[in-house]
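The values are calculated or read from the model by the stated rules, or taken from the named source; none is laboratory data. Quick caveat, the model's predicted, so the values are computed rather than measured. Heads up, the Cβs are rebuilt from the backbone with ideal geometry, glycines too, and the neighbour counts pull from every protein chain shown.
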Amino acid sequence: MPLISNQNLIQSITDAFQHISYYHPSDFIDALSDAYNKEQSTAAKDALAQILINSRMCAEGKRPICQDTGTAVVFIKIGLGITFEGDQSLDDLINEGVRRAYLDPSNPLRASIVRDPAGQRINTRDNTPAVIHYEMVLGDTLEITCAAKGGGSENKARFTVLNPSDSLVDWILKTIPTLGAGWCPPGILGVGIGGTPEKAMLMAKEALMSPIDIQHLKAKDSHSNTEKLRLELHERINELGIGAQGLGGLTTVLDVKIMEYPCHAASLPVAIIPNCAATRHIHFTLDGSGPAELSPPSLDEWPEISQQDDSKAQRIDLDTLTAEHTQNWSPGDTLLLTGKLLTGRDAAHKRIAELINSGEGLPDEVDLNNRFIYYVGPVDAIEGEAVGPAGPTTSTRMDKFTDMMLDKTGILGMIGKAERGQQTIESIKDHNAVYLIATGGAAYLISKAIRSAKVIAFPELGMEAIYEFDVQDMPVTVAVDARGNSIHQSGPNEWKVKIQDIKKLTP
């Protein structure tokens, strides 16, 4: 009867979370490369290029693909024929592995988990506890799947209970556009069908762990009902034209994965969970012979993509920029930012609002007048870096603070990812401000544009502290201009029509 040692399990969990922090799965790289080669939207193709370049850089430099290094999710299938040392619980062993992975000084990963979630929300500082799912199975091995699931895509999980006669395709097609771009498409959509509400959600998450195989599925001569459903959803979701980063384009989902379970005759539970452009998971088996051996992918698996053409980009000096200059920008314009900007996301915005409302005012160091604020929570730097991977967080979470920020601080605009709500767009228009986006899923690439970084306020907030970044040629795209025009509205609308025209011309 195989014995799984505590140390081998801990080491395997540690190695797995480090591995997936900088290596995309090979099937994901293949699918993303195929999407890049087929893409006809200039904005979407540029975004895909940045994601692929970032991915290769992370594989070479062994640094995180995304600044959001995710919730640690672990699926474990325990063979009935194995034994454990028995002096610690499996939860404790797994969490120790996660702790070591996220605190590794050679590649520190951002700690995003907070305890007392409905109260003080205090960061645990080591990204524990993991979310662990156990299953007892026949056999004499321990099968483990580790995933690092980012908050932007987790926040877009949706669930419903349909009537048995309702169309789940219609519900999914109606729901996907409401998710916006905060989940950093293109990615994979997990679908759980049947069971009970909690079972459907778990199946949708577990479905994301299987390899991308939609192209192989298309090549088959015959299909099961589930396979037909996958193919239909894949085609029709992509026909929505949402595209990479929500900019409009041919590919919104790289694959649709489905898990099913029998359910009550009176109901049809359906759950969907997207995986983002920082898809990160790995599967391994322990049999008592030692820790898992995780093989790195070959760099030959990444396509050769040059840095995007900057000849059409406008170079912007942030230190001399005024509102008058920003009035001429239009959605889709590419900018290269040089100079100083400040950072701030959820906790910092809440603290700013409290100080302003109390009359105390902001610290002298937090002078936002004629500045941009970048929605980011970076990874800690290692030797030789100004800052660790520092990609944008989802901007819609800051919508409730935007009118106050524009009205009270004198900022010129914001930098983040994904769309803004209509009320926020109106506020941007009313204040003659602008909203810019950086590419979600290109955090390491973006960090190379940051020449220096220092915490200037609220250090107790950890990664949510306010930093001052000094950047050089930081690539961004105008998403909402001073007239209230949004590329996240115009782009998908344009490409939804174009895709239908392309279909008519395709034999």
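So which of Ala35, Ala16, Ala49, Ala44 ends up being in contact (Cβ under 8 Å) with a residue 60 or more places away in the chain, within 19 Å of Gly491 (Cα to Cα), in contact with a strand residue (DSSP E or B) (Cβ under 7 Å, 6 or more places away or on another chain) and assigned to a helix (DSSP H, G or I)?
On the way: Ala16 fails: within 19 Å of Gly491 (Cα to Cα); Ala49 fails: in contact with a strand residue (DSSP E or B) (Cβ under 7 Å, 6 or more places away or on another chain); Ala44 fails: in contact with a strand residue (DSSP E or B) (Cβ under 7 Å, 6 or more places away or on another chain).
None of the others qualify; the one that does is Ala35.
Could you tell me whether any residue of the range 436-454 is more than 22 Å from the chain's Cα centre (by Cα) and under 20 Å from Leu406 (Cα atoms)?
First, the residues of the range 436-454 that are more than 22 Å from the chain's Cα centre (by Cα): 451-454.
After this cut, where a residue has to be under 20 Å from Leu406 (Cα atoms) as well, the list is none.
No: zero hits.
If Phe75 satisfies every condition in (1) assigned to a loop (DSSP other than H, G, I, E, B); (2) surrounded by fewer than 24 Cβ atoms within 10 Å (Cβ to Cβ); (3) assigned by TED's automatic domain parsing to the domain that holds Asn6 but one, which is the exception?
Looking at each condition in turn, Phe75 falls short on (1).
Identify all residues within the range 271-298 that are buried (at least 23 other Cβ atoms within 10 Å of the Cβ), of a type in the set (A, V, I, L, M) and in a strand (DSSP E or B); write none if there are none. Before you say what the answer is, go through the steps one by one.
Our first condition is that a residue be buried (at least 23 other Cβ atoms within 10 Å of the Cβ); within the range 271-298, this holds for 271-280.
Subsequent filtering for residues that are of a type in the set (A, V, I, L, M) retains 271-273, 277-278.
The answer is Ala271, Ile272, Ile273.
Scan the range 68-82 and tell me whether some residue there is among the aromatic types (Phe, Trp, Tyr), closer than 19 Å to Phe284 by Cβ and modelled with pLDDT of 95 or more. Reasoning before the result, please.
Of all residues in the range 68-82, those among the aromatic types (Phe, Trp, Tyr) come to 75.
This time we only want the ones that are closer than 19 Å to Phe284 by Cβ, so: 75.
With the extra rule that they be modelled with pLDDT of 95 or more, the set shrinks to 75.
Yes, there is a match, as at least one residue in the range 68-82 is among the aromatic types (Phe, Trp, Tyr), closer than 19 Å to Phe284 by Cβ and modelled with pLDDT of 95 or more.
Within the range 400-442, work out how many residues are surrounded by fewer than 21 Cβ atoms within 10 Å (Cβ to Cβ) and at positive phi.
Adding up the residues that qualify gives 2.
Just to verify a result, which residue in the range 79-88, among those that are part of a strand (DSSP E or B) and touching a Gly at 6+ places or on another chain (Cβ under 9 Å), is surrounded by the fewest Cβ atoms within 10 Å (Cβ to Cβ)?
Filtering the range 79-88 down to residues part of a strand (DSSP E or B) leaves 79, 83-84.
Next, from what is left, pick out any that are touching a Gly at 6+ places or on another chain (Cβ under 9 Å): 79, 83.
Numbers: Gly79: 19, Thr83: 11.
Ranking the candidates gives Thr83 first.
Residue-by-condition table, conditions (1) of a type in the set (Phe, Trp, Tyr); (2) at pLDDT 95 or above; (3) in the same structural domain as Asp104 (by TED's automatic domain parsing); (4) closer than 28 Å to Ile214 by Cβ:
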| site | (1), (2), (3), (4) |
| --- | --- |
| Thr14 | no, yes, yes, no |
| Gln18 | no, yes, yes, no |
| Leu32 | no, yes, no, yes |
| Tyr36 | yes, yes, no, yes |
| Ala43 | no, no, no, yes |
| Leu48 | no, yes, no, yes |
| Cys58 | no, yes, no, yes |
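Would you say Thr226 is of a type in the set (S, T, N, Q) and under 26 Å from Met474 (Cα atoms)? It would help to see each step written out before you state the result.
On the way: of a type in the set (S, T, N, Q): yes; under 26 Å from Met474 (Cα atoms): no.
No; evaluated as a whole, the condition is false for this residue.
Go through Pro389, Pro492, Pro459 for me and flag whichever is free of Cβ contacts under 8 Å to residues at least 12 places away in the same chain and closer than 26 Å to Gly150 by Cβ.
Working: Pro389 fails: free of Cβ contacts under 8 Å to residues at least 12 places away in the same chain; Pro492 fails: free of Cβ contacts under 8 Å to residues at least 12 places away in the same chain.
Sole residue among the options that is free of Cβ contacts under 8 Å to residues at least 12 places away in the same chain and closer than 26 Å to Gly150 by Cβ: Pro459.
Does the range 220-236 include one or more residues that are in a strand (DSSP E or B) and within 22 Å of the chain's Cα centre (by Cα)? Show your work before the answer.
Within the range 220-236, the first condition is being in a strand (DSSP E or B), and the residues that meet it are none.
Checked against the condition, which is being in a strand (DSSP E or B) and within 22 Å of the chain's Cα centre (by Cα), the range 220-236 yields no hits at all.
Please go through the range 154-174 and give me each residue that is loosely packed, with under 15 Cβ neighbours inside 10 Å and closer than 12 Å to Leu240 by Cβ, ordered by number.
Lys174
Name the residues in the range 417-472 that are β-branched (Val, Ile, Thr), part of a helix (DSSP H, G or I) and farther than 23 Å from Met57 by Cα, would you?
Matches in the range 417-472: Thr424, Ile425, Ile428.
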